[in-house]
Amino acid sequence: MTAHRWTALRPFPDPRKGELLHAPIGPGVYDLRHISTKEPVLFGIGSRCALRMSSLLPKPLGAGTRNNTAKRDYVLEHLNDIEYRTLPCATRDEAAQAERNIKSKRGHDYKFKT
């Protein structure tokens, strides 16, 4: 696995304000947490990470076909208190390995399991 680094934490963008998501166009891992408490919210992977992350909000704000209304509604409800970071990866397999590492080390700490 190629050594990559997590990006700095950023506030999750609010599309209603024209804010932009900064995430890998290709494979990557994302990690969301509460700004105020540092409580881990959720993590996941995507072959097209930015597109996958845009599905973390309900339509019409979010895109994609994510079938998890509770997760989408939660992120929207707490949008002003959510920050994220991403880990760009060279391949989907590399992203999946990074996700497995998170699950084995901290997966039980997250509000939503992947």
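Looking only at residues in segment 70-114 that are in a loop (DSSP other than H, G, I, E, B), surrounded by 14 or more Cβ atoms within 10 Å (Cβ to Cβ) and among the hydrophobic types (A, V, I, L, M, F, W, C), which one is modelled with the highest pLDDT?
89
Here is a yes/no grid of residues against (1) in contact with a Cys (Cβ under 6 Å, 6 or more places away or on another chain); (2) closer than 19 Å to residue 102 by Cβ; (3) of a type in the set (Ser, Thr, Tyr); (4) buried (at least 19 other Cβ atoms within 10 Å of the Cβ):
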{"site": "42", "(1), (2), (3), (4)": "no, yes, no, yes"}
{"site": "46", "(1), (2), (3), (4)": "no, yes, no, yes"}
{"site": "62", "(1), (2), (3), (4)": "no, no, no, no"}
{"site": "68", "(1), (2), (3), (4)": "no, yes, no, no"}
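Out of 100, 72, 106, which single residue is of a type in the set (Lys, Arg) and touching a residue at least 24 places away in the same chain (Cβ under 8 Å)?
Answer to the selection: 106.
The condition (being of a type outside the set (Phe, Trp, Tyr), modelled with pLDDT under 90 and under 14 Å from the mean Cα position of the chain (by Cα)) is satisfied by just one residue among 66, 10: 66. Take the conditions (1) free of Cβ contacts under 8 Å to residues at least 40 places away in the same chain; (2) under 17 Å from residue 37 (Cβ atoms); residue 59 misses just one of them, which is (2). With respect to residue 33, determine if the residue is basic (Lys, Arg), touching a strand residue (DSSP E or B) at 6+ places or on another chain (Cβ under 6 Å) and crowded, with 19+ Cβ neighbours inside 10 Å. Yes: the conditions hold for residue 33.
Condition (residue is over 17 Å from residue 113 (Cβ atoms), touching a residue at least 60 places away in the same chain (Cβ under 8 Å) and part of a helix (DSSP H, G or I)) applied to segment 15-22: is it met by at least one residue? Even if it seems obvious, please write down each step before you answer.
At the first step, the residues of segment 15-22 found to be over 17 Å from residue 113 (Cβ atoms) are 15-22.
Going one step further and asking which of them are touching a residue at least 60 places away in the same chain (Cβ under 8 Å), we end up with 22.
Those still in the list that are part of a helix (DSSP H, G or I) too: none.
Among the residues of segment 15-22, not one is over 17 Å from residue 113 (Cβ atoms), touching a residue at least 60 places away in the same chain (Cβ under 8 Å) and part of a helix (DSSP H, G or I), which makes the answer no.
The values are calculated or read from the model by the stated rules, or taken from the named source; none is laboratory data. Because the structure is a prediction, the values reported are computed rather than measured. Here the Cβ is made from the backbone with ideal geometry for all residues, glycine too, and neighbour counts use every protein chain on show.
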